[in-house]
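> This structure is in structure tokens; I'll ask about it shortly.
Computed from the coordinates by the stated procedures, all read-outs in this text should not be read as laboratory data. Note that the structure is predicted; figures quoted are calculated from it, not measured. Methodologically, a virtual Cβ is constructed for each residue, glycine included, from the backbone with ideal geometry; neighbour enumeration extends over all protein chains shown.
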Amino acid sequence: MPAFRLALHFIRRDIRNRYLGSFSGGLWALAQPLIQLAVYGFVFVYVFNAKVPGANAPGYVPFLALGLWPWVAFSEGITRATTVIQDNAPLINKVAMPRQVLVFAAVASSFLVHGVGFCAITLALRAFGVPLDLLALPIALTGLVQLFLLALGLAFMCAAVQVFVRDLAPALPQLLMLWMFASPIFYARESLPLRYQHWLDFNPFAYYPEQFRALLLHSGVFSLRAEVLALLLAALALAFGLTVFRRLNPHFEDFL
Amino acid sequence: MSATAVLAETRGLGKSYPLVFRSRDRLRALWHLLAGRGHADSVAVLKDVNICVRRGESLGLIGENGAGKSTLLKLLTGVLTPSSGSVTVNARVGALLELGAGFHPEYSGRDNIALAAALYGLDATEARAKLPEIIEFADIGRYIDEPVKHYSSGMVVRLGFAIVAALKPDLLITDEVLAVGDEAFQKKCVRWIEDYLEAGGTLILVSHSMYHVQKLCRQACWIKHGEIAASGDVYSVTQAYQAYQESKSAAAAPDRRELLAQNPEFHLLDFSLNESGAAPLVLAQGATLRARARVQSRDGRVPVVVFGIVRADGTPVYGVSSEMDGVQPQRESGDVYVAEIVFPEVALLPGAYVVKAHPLDPEAIRLFDTLERALTVSGQSREFGLVRLRHEWAAAELPAQKLAVS
């Protein structure tokens, strides 16, 4: 339990830290992806004339929103966690503590902030008349928890490796950008040429926007097989990430 | 828990650091560690250290810079992982390792107190309950709400010590931090540690101040080049350490060949304390000290000989010349003269000293040569200063039964 208490402390500190010194405080959490949504929405709807394929397809903006928020939580969580060990070197070098807590807190605070944003945008879109299925929101949130486990696994791995190889942190944004465009966030699987569509099955993130859209927008089908696979993959990533972290953990202080 | 429960123990403890120079080494190290092998190249800083601290004990760790004392403390607190051997700690540890250890410079003192409490395992309610006590002990006024980066080093130590004091750990581990605060705060800390020890607390202290070690600790452990050189009673260990320090500075003394090549009017042939030759002398407190110097006179004139005693840090204690006392060195043979002085029941307090001998010309004006010998006075006196002055108390004696207890 002390580790959990410590994690809570760091999560609180991290969330407070984000908005410390900014005028609008916690509003930024919602504002940042909202601005992103507005920009992407404008570019894709008005410039590229993007449409979600299919007959009674949903509007592009709610389609994009359900993919964008999970991605922001996911990518931001990993990015923040990657340097968290390095950034807290003064603490780690002087105080005995379970270092996993730092990684956990970094990812958890991202998911908390953007999870709230995800709920808020869903409710807002519903209020504007988008036919979102609010009853499915709790199920979508469990999906977000599952995504959190996947992010946590990758974050453990990245945070541990970053201590040894400092090239990871600067390379990560580029890799994540590539990953973002390789995921069905801005486009639907059906928009891809047929022969490339199944490639998305190798992308562990692809499952999440598709599932959220199936649940909340009834766009596409909720696949139980995909759900089981994704859960398995998230658990595997977490186990692997933790193993790497545990193995490297005793040697952090020698390389910080 | 029984009174003699072991709170901290190390067995065959060793720590080595990897040798990392280039980025490529880091990558290689990562690969080695992931594969479950050890480091390819490493340098050992601590070897086969066995210590055992029981409840209520107080252990002082002494040694030169870089001997591995701080590494040992970090291993004990769990900040570092041992490369070999094991560390067992069965206590809630309060550690005060380095200046500002564990503080985040951007956060206020209050926030850092909360963090320290969380790291120690307190929940928010317990932490809030401790807050007034910590703020009062630290006594840094409005700075408690300022970021720690604006603190002076003294304030950082005050806050750090106040937190540890409020947590009342089973085992207090502290590094050379007392040296930073001002005198009033140092006294407050020493008094707090004394009260803590009296109440059954356990202490592991690293200090370069033999005074603090002797005042606060009953056991001591001397770490030399990563290994335990001596351990046991605080007085015998600190005295052995001081004697070692002395012999090291004696070895670093300037070469005499240069002086002798100039063929001075007078020079020392040898100088010994209690017939111990050039070796450092360990003398029990209150024993008799005999210093003997042989002087070669170039022109056959009778020299004046000065003997002086200084403390290891250079503070003069006493000096006297043959001319002052109206005596002359005795002629041994030819142009060799011998001066010998006896200090019966020498009044020096335990500690490290240097005895010096100088030949002067017969007019006692020019000084020609210097030889030094290390002297360690051993004993368990807790008096302060350099020498025991004759004194009497105009006070009542302690009651008889209380004397029997102590």
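> What stretch of chain B, leaving out the sites themselves, is the longest with no chymotrypsin sites (Phe, Trp or Tyr not before Pro) in a DSSP loop having at most 10 other Cβ atoms within 10 Å?
Details: sites that count: B:PHE21, B:PHE384, B:TRP393.
Of all site-free stretches, the longest is B:22-383.
> What lysines sit close enough to B:LYS130 to cross-link, taking a C-alpha to C-alpha distance under 22 Å and skipping anything fewer than 8 places away on the same chain?
Partners within reach: B:LYS168, B:LYS188.
> On to the next question. For region A:121-137 and region A:188-219, what is the centre-to-centre distance using only Cα atoms, to the nearest Å?
21
> How many angstrom lie between the Cα centre of region B:123-164 and the Cα centre of region B:369-387?
Result: 41 Å between the Cα centres.
> Only residues of region B:303-330 count here: report those whose backbone N is under 14 Å from the spot 7 Å along Cα→Cβ of B:ALA364, or say none.
Backbone N within reach: B:303-308, B:319-329.
> Evaluate E = 1/(1 + (r/R0)^6) for A:LEU194 and A:ALA226, where r is the Cβ-Cβ distance and R0 equals 22 Å; express this FRET efficiency to the nearest 0.05. All intermediate terms of the calculation are to be shown ahead of the outcome.
Values: r = 19 Å, r/R0 = 0.85.
Rounded to the nearest 0.05, the efficiency is 0.70.
> Taking R0 as 41 Å, what FRET efficiency do you get between B:ASP182 and B:ALA347 from their Cβ-Cβ distance, rounded to the nearest 0.05? It would help to have the intermediate numbers written out before the result.
Working: r = 33 Å, r/R0 = 0.80.
Efficiency, rounded to the nearest 0.05: 0.80.
> Could you tell me which of the pairs B:LYS15/B:LYS149; B:LYS47/B:LYS69; B:LYS15/B:LYS224; B:LYS187/B:LYS224; B:LYS187/B:LYS248; A:LYS94/B:LYS149 are separated by over 21 angstrom between their Cα atoms in the structure shown?
Numbers: B:LYS15/B:LYS149 32 Å; B:LYS47/B:LYS69 12 Å; B:LYS15/B:LYS224 14 Å; B:LYS187/B:LYS224 29 Å; B:LYS187/B:LYS248 32 Å; A:LYS94/B:LYS149 17 Å.
Pairs exceeding 21 Å: B:LYS15/B:LYS149; B:LYS187/B:LYS224; B:LYS187/B:LYS248.
> Identify which of A:GLY41, A:GLY115, A:GLY54 has the largest mean-square fluctuation in a Gaussian network model of chain A, with springs joining Cα atoms closer than 10 Å.
Of A:GLY41, A:GLY115, A:GLY54, the Gaussian network model singles out A:GLY54 as fluctuating most.
> Calculate, in nm to one decimal, what B:VAL338 and B:LYS149 gain on full extension: separation in residues at 0.36 nm each, minus their alpha carbon distance. Could the numbers behind the result be given before it?
Values: separation 189, 0.36 × 189 = 68.04 nm, distance 6.34 nm.
Difference between extended and current length: 61.7 nm.
> 7 Å from Cα along Cα→Cβ at both B:ALA278 and A:ARG16: what's the point-to-point distance in nm?
6.5
> If you don't mind, another one. With Cβ to Cβ distances under 12 Å as the rule, what net charge do the other residues near B:ALA67 carry (K, R +1; D, E -1)?
Numbers: positive: B:LYS47, B:LYS69, B:LYS224; negative: B:GLU64, B:GLU227.
With Lys, Arg at +1 and Asp, Glu at -1, the neighbours total +1.
> Along Cα→Cβ, 7 Å out, is where each label goes; now give me the distance between the ones at A:ALA182 and B:ASP299 in nm to one decimal.
9.6
> Hey, got a sec? Which trypsin sites (Lys or Arg not before Pro) in region A:171-233 land in a DSSP loop and have at most 12 other Cβ atoms within 10 Å?
Working: sites: A:ARG189, A:ARG195, A:ARG213, A:ARG225; in loops: none.
In loop regions of region A:171-233 (DSSP not H, G, I, E or B), there are no sparsely surrounded trypsin sites (Lys or Arg not before Pro).
> Add +1 for every Lys or Arg and -1 for every Asp or Glu among the other residues with Cβ under 11 Å from the Cβ of B:LEU119, and state the total.
+2
> Once region B:103-148 is represented by equal point scatterers at the alpha-carbon sites, with solvent omitted, what log10 I(q)/I(0) does the Debye formula produce at q = 0.18, 0.24, 0.31, 0.33 Å⁻¹?
Rounded to two decimals, the profile gives -0.49, -0.84, -1.17, -1.21.
> Here's something else I'd like to know. If neighbour count is taken as other Cβ atoms inside 10 Å, put A:MET180, A:MET97, B:MET324 in order from fewest to most. Don't jump to the answer; show the numbers that get you there.
On the way: A:MET180 17, A:MET97 21, B:MET324 11.
Ascending Cβ contact count within 10 Å gives the list B:MET324, A:MET180, A:MET97.
> Quick check: convex hull of the Cα atoms in region A:124-236, volume per residue, rounded to a whole Å³?
Numbers: hull volume 14.9 nm³, N = 113.
Hull volume over Cα atoms, normalised by residue count, gives 132 Å³.
> Over all alpha-carbon pairs of chain B, lay out the pair-distance distribution in 20 Å bins, whole %, shortest bin first.
Spelled out bin by bin, chain B gives 22, 42, 28, 8, 0 percent.
> When the expected Rg is taken as 2.2 N^0.38 Å, what fraction or multiple of it is the alpha-carbon Rg of the protein assembly as shown?
Working: Rg = 35.8 Å, N = 662, 2.2 N^0.38 = 26.0 Å.
Its radius of gyration relative to the 2.2 N^0.38 Å reference: 1.38.
> Express the C-alpha Rg of region B:256-378 as a ratio against the empirical globular expectation 2.2 N^0.38 Å, rounded to two decimals.
Details: Rg = 14.2 Å, N = 123, 2.2 N^0.38 = 13.7 Å.
For region B:256-378, the normalised Cα radius of gyration is 1.04.
> Then there's this: Using only the alpha-carbon atoms, what does region A:2-255 span along each of its principal axes? Please give whole angstrom values in decreasing order.
61, 45, 33
> Then there is this: At B:CYS52 and A:VAL145, where each label point lies 7 Å from the Cα along Cα→Cβ, what is the point-to-point distance in nanometres?
Each label point is offset 7 Å from its Cα along the Cβ direction, giving 4.9 nm.
> Something else about it: Can you pull out the trypsin sites (Lys or Arg not before Pro) in region B:357-401 that DSSP calls coil and that have at most 14 other Cβ atoms within 10 Å?
Working: sites: B:ARG366, B:ARG373, B:ARG382, B:ARG388, B:ARG390; in loops: B:ARG366, B:ARG382, B:ARG388, B:ARG390.
The qualifying sites are B:ARG366, B:ARG382, B:ARG390.
> OK, next. Taking only the C-alpha atoms, wrap a convex hull around region A:21-146 and report its volume per residue in Å³ as a whole number.
On the way: hull volume 18.0 nm³, N = 126.
Per residue, the Cα convex hull of region A:21-146 comes to 143 Å³.
> Continuing with this model, one more query. Neighbouring Cβ atoms within 10 Å as the yardstick, rank B:ASP25, B:ASP270 fewest first. Can you show the working numbers first?
Working: B:ASP25 17, B:ASP270 13.
Lowest count first: B:ASP270, B:ASP25.
> What's the percent breakdown of Cα-Cα distances in region A:194-255 across 5 Å bins, shortest bin first?
Bins of 5 Å from zero give 4, 15, 18, 18, 13, 9, 8, 7, 5, 3, 0 percent of pairs.
> Place a label point 7 angstrom from the Cα of A:VAL45 along the Cα-to-Cβ direction, then list the residues of region A:109-127 whose backbone nitrogen is under 16 Å away.
Zone members listed by number: A:121-127.
> In Å³ and rounded to a whole number, note down the convex hull volume per residue for the Cα atoms of region B:38-123.
162
> Helix-only estimate, please: 222 nm mean residue ellipticity of chain B, summing -39500 (n - 2.57) across DSSP H runs of length 4 or more and dividing by its residues, to the nearest 500. List each step's numbers first, then the result.
Working: 10 runs with 115 residues, N = 406.
Mean residue ellipticity at 222 nm (helix-derived): -8500 deg cm²/dmol.
> Please work out whether region B:6-246 counts as rounded, prolate or oblate from its C-alpha gyration tensor, where a ≥ b ≥ c are the square roots of the eigenvalues and a/c under 1.5 means rounded, while otherwise a/b larger than b/c means prolate and anything else oblate? Working shown, then result.
Working: a/c = 1.78, a/b = 1.21, b/c = 1.47.
Oblate, since a/c reaches 1.5 and b/c is not below a/b.
> Consider a paramagnetic label point 7 Å from the Cα of B:SER84 along Cα→Cβ; state which residues of region B:44-68 have an amide N under 13 Å from it.
Within reach of a label on B:SER84, which here means backbone N under 13 Å from a point 7 Å along Cα→Cβ, region B:44-68 contributes B:44-50.
> Hey, another quick one. Please list the non-local residues whose amide H lies under 5 Å from the amide H of B:TYR353, H modeled 1.01 Å from N, same-chain partners needing a gap of 5 or more.
Distant-sequence amide H within range of B:TYR353: B:ALA312, B:LEU375, B:THR376, B:VAL377.
> Ranking B:LEU97, A:LEU27 by Cβ neighbours within 10 Å, fewest first, what do you get? Don't skip to the answer; put the middle values down first.
Details: B:LEU97 22, A:LEU27 12.
If I rank by nearby Cβ atoms, fewest first, I get A:LEU27, B:LEU97.
> Quote the FRET efficiency, to the nearest 0.05, computed for B:GLN262 versus B:HIS391 with a Förster distance R0 of 45 Å and r equal to the Cβ-Cβ distance.
E(calc), rounded to 0.05, equals 0.40.
> Out of region A:84-157, which chymotrypsin sites (Phe, Trp or Tyr not before Pro) are coil in DSSP terms and have no more than 13 other C-beta atoms within 10 Å?
Numbers: sites: A:PHE104, A:PHE111, A:PHE118, A:PHE128, A:PHE148, A:PHE156; in loops: A:PHE128.
Qualifying residues, ordered by number: A:PHE128.
> Can you give the longest stretch of chain B with no exposed loop site, where a site means GluC sites (Glu not before Pro) in a DSSP loop (not H, G, I, E or B) with at most 10 other C-beta atoms within 10 Å? Intermediate results must be reported in sequence, preceding the final value.
Working: sites that count: B:GLU275, B:GLU345, B:GLU363, B:GLU392, B:GLU397.
It works out to B:1-274.
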